[in-house]
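Undergrad: Before I ask anything, here is the structure I am working with.
The values are calculated or read from the model by the stated rules, or taken from the named source; none is laboratory data. All of these numbers come straight from a predicted model, not from anything done at the bench. Virtual Cβ from ideal backbone geometry, glycine too; neighbours counted across all protein chains shown.
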């Protein structure tokens, strides 16, 4: 048993067991599905679904990835990274989707959240076809995507942010759980903490998003801030943020987390001590999947607030 080849085989076996690969779960990917009844490629989504039937009569919960890029760049392809949707879907316990949305160079706020909500409504309307449970939809995003998933999690009752996109306006755009990777939460407070970006400047990503310097368009900046919409019926959240993030100040997750907790919403903050504007791929299995298992399947223990090394 001490032979190095035996140890290697055992290590591969247990790694495969942990990741779900040993189960032979194959993933079917359906690309560029239009959710808005338009030909705009920015209003499409990709689905990633286990090929084997859902183990539950209601269908699997689905986790929706929303990409970052300062609302002005990036694409839905980032959701297909091995440490993102594929890791979740290969467990067999989740379906996955990654969505595109109109960028700030094409359309100003609230176009971005209108697109995201339209995509959620489309998924809910087509849940039976793809074996999805319409009552268990989670969202996960990084940076600008973290902002958008937080908006989805906090603005469920806001008519002003619902929009009129797509043909499934009878469906709800509410979500059950939010995984927020270092997303902005309060645009008007971003310069209250050190950053490489002057967020109040006319050409900052936030000012480009709303179409004016944020301090000169405060009402619209509030409308684009998840913190502004916090209420007791918000989705469960888990936030991840590096204390040394040079782009989105750490206090953006800190103040949002505190506001959710004060409102009685389940919220967890994972602090990456010394971490920057990223999260290790290992956090998917270490934190994200356990959080989603607890939030969507009722399995395991709730994750508590903690400070960790950035790996």
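Undergrad: Do we find a residue being in contact (Cβ under 8 Å) with a residue 60 or more places away in the chain, farther than 19 Å from residue 238 by Cα and crowded, with 24+ Cβ neighbours inside 10 Å anywhere in the stretch 132-150?
TA: yes
Undergrad: Could you count how many residues in the stretch 23-51 are without any contact (Cβ under 8 Å) to a residue 12 or more places away in the chain and either under 14 Å from residue 86 (Cβ atoms) or in a strand (DSSP E or B) (or both)?
TA: 1
Undergrad: Could you please find all residues in the stretch 131-146 being in contact with a helix residue (DSSP H, G or I) (Cβ under 8 Å, 6 or more places away or on another chain) and assigned to a helix (DSSP H, G or I)?
TA: Residue satisfying the conditions is 144 alone.
Residue by residue, here is whether (1) free of Cβ contacts under 8 Å to residues at least 24 places away in the same chain; (2) surrounded by fewer than 15 Cβ atoms within 10 Å (Cβ to Cβ); (3) farther than 14 Å from residue 146 by Cβ holds:
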| residue | (1), (2), (3) |
| --- | --- |
| 227 | no, no, no |
| 252 | no, no, no |
| 259 | no, no, yes |
| 299 | yes, yes, yes |
| 304 | no, yes, yes |
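Undergrad: Within the stretch 147-166, track down each residue that is modelled with pLDDT of 95 or more, over 24 Å from residue 294 (Cβ atoms) and in a loop (DSSP other than H, G, I, E, B).
TA: 162, 163, 164, 165, 166
Undergrad: Sticking with this one: Do any residues in the stretch 180-202 that are free of Cβ contacts under 8 Å to residues at least 24 places away in the same chain have Cβ atoms under 6 Å from those of residues that are surrounded by 19 or more Cβ atoms within 10 Å (Cβ to Cβ) and assigned to a loop (DSSP other than H, G, I, E, B), where the two are at least six apart or on different chains, and which pairs are they?
TA: 191/199
Undergrad: Another question about this same structure. Which of the residues that make up the stretch 7-46 are at pLDDT 95 or above, out of contact with any strand residue (DSSP E or B) (no Cβ under 6 Å at 6 or more places or on another chain) and buried (at least 16 other Cβ atoms within 10 Å of the Cβ)?
TA: Selection gives 36, 42, 43.
Undergrad: Check off (1) buried (at least 16 other Cβ atoms within 10 Å of the Cβ); (2) under 30 Å from residue 309 (Cβ atoms); (3) out of contact with any helix residue (DSSP H, G or I) (no Cβ under 8 Å at 6 or more places or on another chain) for residue 246 and give me the number that stays unchecked.
TA: Among (1) buried (at least 16 other Cβ atoms within 10 Å of the Cβ); (2) under 30 Å from residue 309 (Cβ atoms); (3) out of contact with any helix residue (DSSP H, G or I) (no Cβ under 8 Å at 6 or more places or on another chain), the lone unmet condition for residue 246 is (1).
Undergrad: Let me ask something additional. Looking for whichever is modelled with pLDDT of 95 or more, surrounded by 22 or more Cβ atoms within 10 Å (Cβ to Cβ) and part of a loop (DSSP other than H, G, I, E, B) here; the options are 71, 122, 65. Which one fits?
TA: It is 71.
Undergrad: Kindly indicate whether residue 102 is under 16 Å from residue 47 (Cβ atoms), surrounded by fewer than 24 Cβ atoms within 10 Å (Cβ to Cβ) and at pLDDT 95 or above.
TA: no
Undergrad: Can you tell me how many residues in the stretch 282-307 are under 17 Å from the mean Cα position of the chain (by Cα) and farther than 16 Å from residue 267 by Cα?
TA: The qualifying residues number 5.
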